[in-house]
Each structure stands twice: as structure tokens, then as C-alpha cells.
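Provided herewith is a single structure, encoded as C-alpha cells, for subsequent inquiry.
Derivation of every value follows stated rules applied to the coordinates shown; laboratory data play no part. The model shown is predicted, which means the values in this text are computed figures rather than measured ones. Methodologically, a virtual Cβ is constructed for each residue, glycine included, from the backbone with ideal geometry; neighbour enumeration extends over all protein chains shown.
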């Protein structure tokens, strides 16, 4: 039987996961606000705050894992992977130093990577999706040099 060859399975897209989780939480928040008046509005703000905090914590964890892999790579090879993109970095790290290539943050933005082999900078554009703003998460040589202030509930 001649059929179309099976395509290899792809890991689920993190953006789809984030959207799948965020939409129901947003709907719950709106329903609470509409049904409960002022207390509902506060409950909705609390839910949205918790979602934002979860994304911040998740992105920080992703960046810490990549930072540890980069440090281990540099200790083993004598230098960080050179390049100007997260794709180049993860190509050097997977599978020996990192189990899988994670290249996006919890907001669905592509992480930025820059290295001259002596050091590296890894950046998440944060919630606004723009590099160079106050909500960026920035890691330099394995240490966070910028973390956004937690948003008020």
C-alpha cells in the first residue's frame, strides 16, 4: 500500500499551551467581575496577577536551565557557543547539555542570545514583547542582571 509517509511528531507549541491556559483563566476572571461587582473585580485582578507571576517564574526557570547548560558547555569546551541567536545556542547545547531546545518565553516571545565565546547574554522580551524595556529578564554569564519588578495585584 503506497501512502503518504508518516510525518515525525513535533513537540507541542508552547504558545498553544500558554493560550490554552490563559484564555479560560481570563474568562473566569471576567465572569467573577461581572457576577460579583467590586469583590469580583478584585478577584479578577488577583487571578490575572497570578497568571503574570506564573509567566515570570516560568520564564525565569527556563532561562536558568539554559544558563546552567551554557555554563556547563563553557566548562567542558572552554568557551560559550558563539552566535547571535537562541537557535544557534540551543543547536550547540542539545542533546549533550540541554535535553530539548526551548527558545521562547512564557509569553510566546523568542529569547535573544548573544555571545562572543567569552561571555553571553540571554534576554526575554517579557510581557510587552520588546527588548530594551523595563519588563525584560536579562541574564549575563549565568546571573540575572535585570528582573522586572513584580506587578502590583
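Provide Rg and Dmax in Å for the range 109-153, with only Cα atoms included in the calculation.
11.2, 41
Would you mind ranking 68, 55 so that the residue whose beta carbon has the fewest other beta carbons within 10 Å leads the list? Working shown, then result.
On the way: 68 13, 55 20.
Result, fewest neighbours first: 68, 55.
Can you sort 94, 138 from fewest to most other Cβ atoms within 10 Å of each residue's own Cβ?
By the 10 Å Cβ count, ascending, the order reads 94, 138.
For the range 88-127, rounded, prolate or oblate, judged on the Cα gyration tensor with a ≥ b ≥ c (square roots of eigenvalues), a/c < 1.5 rounded, else prolate if a/b > b/c?
oblate
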